[in-house]
1. Pull out all pairs, ordered by first then second residue, where Cβ-Cβ is under 8 Å, the residues are six or more apart or on different chains, the first lies in the stretch 74-91 and is loosely packed, with under 15 Cβ neighbours inside 10 Å and of a type outside the set (D, E), and the second is assigned to a loop (DSSP other than H, G, I, E, B) and modelled with pLDDT under 95.
2. Can you name the residue in the stretch 159-197 that is of a type in the set (V, I, T) and assigned to a strand (DSSP E or B) and, of all such residues, is nearest to N121 (Cα to Cα)?
3. Please give the helices (runs of 4 or more DSSP H) falling wholly within the stretch 198-272 in which 3 or more residues are over 15 Å from D103 (Cα atoms).
4. Kindly provide the set of residues from the stretch 84-96 that are closer than 18 Å to F252 by Cβ and within 15 Å of the ligand (Cβ to nearest atom), ordered by number.
5. Identify the single condition in (1) in contact with a Lys or Arg (Cβ under 7 Å, 6 or more places away or on another chain); (2) part of a loop (DSSP other than H, G, I, E, B) that S15 does not satisfy, given that it satisfies every other one.
6. Please list, ordered by first then second residue, the pairs with beta carbon atoms under 6 Å, 6 or more apart or interchain, first in the stretch 9-23 and farther than 18 Å from G257 by Cα and at pLDDT 95 or above, second in a strand (DSSP E or B) and among the acidic types (D, E).
7. Return the residue satisfying two criteria in turn: it lies in the stretch 174-215 and is under 17 Å from the mean Cα position of the chain (by Cα) and either away from the ligand (no atom under 15 Å from the Cβ) or at positive phi (or both), and of such residues it is surrounded by the fewest Cβ atoms within 10 Å (Cβ to Cβ).
8. Can you name every residue in the stretch 92-109 that is surrounded by 18 or more Cβ atoms within 10 Å (Cβ to Cβ) and among the polar types (S, T, N, Q)?
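The values are calculated or read from the model by the stated rules, or taken from the named source; none is laboratory data. This one's a predicted model, so the numbers in the text were calculated from it and none came from an experiment. Using ideal geometry, Cβ is built from the backbone for each residue, glycine included, and neighbour counts are taken over all protein chains shown.
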Amino acid sequence: MKYKLGVVGDPIKHSLSPQIHNIFSKQTNINIEYQLYHVFETSLDTFIKDFFDEGGHGLNITLPHKSNCLRSVTNASSLVNLIGAANTLHSKHQDEIFADSTDGIGLVEDLKDKCLITSANVLILGAGGSASSIIPDLDACKPRNIIIDNRSKHNLDKLVQRFSSAKEINSSILTLESFNEEIDLIINATSMGFSGTFSWNKDFKINHETVFYDLSYSKNDNQTSFLNWASQFSDKYFDGFGMLIQQAAAAFELWTGVLPETKIRKSDLLND
Ligand code: NDP
């Protein structure tokens, strides 16, 4: 059997997902065909329906379709219902399209050998889709507090309100303005990537053990602007390449039932 898989986005050319899944395929001896699909918003619903009607097994969903893809699904995990977005679709039965999200578990798995989330004060910078998608998995690790800050106060208040009133979330969800303790882990969930010089316009307390993690990642040795900024405070800073691999592994498991080995380096993708 050959699994028909792919990733849908706009733009999509930059995606590393085909290389990652082809490495998983070789490693597990599971036969796949994984394609890039450049799909505009106006064609998204038809594309998803046709893909699964024609025997497709699974899709990764990336920007800007993570929320809008939910129009086309028949069922979703409780996590997707909570965050309102998905990054993985799969179909095990005819006429069924199931939505799930592996971004949060991808982050938590990558952080396992980098820092302890349990009992930590975790600060998230950004209040967009990725901030929302990582909160439930961070919460499941029982941090001391989850603190959020964002450029726009309107989007910050919306996110804080949504998660502080969610019955599934046990952690205190606080704004940085109302927080005065030291931060143990700072996660950059803004989309600043490589644009300009990173800075943050509010102060927070850190210590010499504070870990900095950028959800954005580079494909080579270049550092993101957040990591350039973080390197002046700490030598514990990481980009989101490990999360990219881990979220892909969790999606591969949803599709095939097999969790692949995730020890992949950036250079392995360039050489694939
Ligand atoms: P969204 O567009 O949903 O959110 C963008 C966020 O960035 C908002 O909070 C926005 O603030 C903030 N922002 C944008 N520009 C600036 C700026 N100049 N200064 C301060 N804040 C800014 O994006 P996502 O949350 O979906 O994605 C964020 C990043 O995470 C992307 O780079 C993406 O590639 C990465 N990512 C990585 C993954 C991985 O596997 N490693 C998985 C998922 C995402 P405001 O509300 O004020 O507009």
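1. Between residues of the stretch 74-91 that are loosely packed, with under 15 Cβ neighbours inside 10 Å and of a type outside the set (D, E) and residues that are assigned to a loop (DSSP other than H, G, I, E, B) and modelled with pLDDT under 95, the close pairs are T74/D95; T74/E96; N75/E96.
2. Within the stretch 159-197, the subset of a type in the set (V, I, T) is 160, 169, 173, 175, 183, 186-187, 190, 197.
When the remaining residues are screened for being assigned to a strand (DSSP E or B), the result is 173, 175, 183, 186-187.
Details: I173: 11, T175: 12, I183: 5, I186: 9, I187: 11 Å.
Here the residue is I183.
3. Values: elements: 225-230, 241-256, 266-271.
It comes to 225-230, 266-271.
4. Going through the stretch 84-96, the residues closer than 18 Å to F252 by Cβ turn out to be 86-92.
The answer is A86, N87, T88.
5. Answer for S15: the failing condition is (1).
6. Filtered contacts from the stretch 9-23: no entries.
7. From the stretch 174-215, those under 17 Å from the mean Cα position of the chain (by Cα) are 185-193, 212-215; that's our starting set.
Checking the rest, the ones that are also either away from the ligand (no atom under 15 Å from the Cβ) or at positive phi (or both) come to 185, 193.
On the way: L185: 24, G193: 16.
Top of the filtered list is G193.
8. Passing the criteria: S101, T102.
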